[in-house]
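Taking it in order: structure first as structure tokens, then the write-up.
Read-outs: derived from the displayed coordinates by stated rules, not from any lab. A quick note: this is a predicted structure, and the numbers were derived from the prediction, not measured. Glycine also receives a Cβ, built like all others from the backbone with ideal geometry; neighbour counts cover every protein chain displayed.
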């Protein structure tokens, strides 16, 4: 799809000075964020609010997904001091809810699960009152590796389904639709009290009925939080946008998700996995609710 973006897909940076401050803190700690690496359109807005999504295990991925701007190649060995630096930086930023994601590390024996676990431990130690959310790769579907992360008790365990079943091999050729559902289902089997979350992009050529089916599949896997956002092509090398979805349809999807039984739903053109993630946090949400009363 060519031409200008529709009017509902425009963003303004509200506080350039705060954005620069967050950038300085991330740089000084030698950390990566998915905000930058994935070219998220919400970077200016989120960093203006002093929030960022940390990306651990480097900035080079072992998978080549058609939608993702993160670099692909041979990653460096994990930085063993990175988990502590993430926690220190999150504390310095005053975050109430910390979101940690990663590149996919199929090259590592544990696929990076141990690094996630170490990061969660440091966050719990340095920020005991903060919520912790992890957005993980699929760990090759291995329950033993998923359990390494689950044992550290993050507040939210997120793994994205990304797209509908029919488009999965095109959108993420090294991923598998059923494997992602199994990851989410396994998390709940390992710890029924842990909140699970997933998300998908639209505008890649999916049909409405396929989106509803994906939502039903996620709910059947006991996922409680779902995010739905517009796919935006990061570069000309990536998959083209087939359709810019109107905000009214995002609301239709939100209503459908709520009717299916999701506890929390975010569905809008700019919704991303960690966009306003604190609103879904089991620790932060009660404070937000009481403040609005």
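Assorted remarks:
- Coordinate range along principal axes, alpha carbons of segment 159-288, Å, largest first: 41, 31, 26
- Computed extension gain for residue 169 through residue 151, at 0.36 nm per residue and net of the alpha carbon distance, reaches 3.4 nm.
- Inter-label distance, nm, simple model (7 Å from Cα along the C-beta direction), residue 251/residue 143: 4.4 nm
- Take the Cβ atoms of residue 264 and residue 80, set R0 to 41 Å, and the FRET efficiency comes out at 0.75.
- Inverting the pair-averaged 1/r between distinct Cα atoms of the chain gives 19.2 Å as its Kirkwood hydrodynamic radius.
- Summary value for the chain: 16 percent relative contact order, contacts being C-alpha pairs under 8 angstrom separated by 6+ residues.
- Residue 207 versus residue 91: modelled label distance in nm, points set 7 Å from Cα along the beta carbon direction: 5.4 nm
- Note on segment 99-191: the C-alpha convex hull projects to 5.8 nm² when averaged across all orientations.
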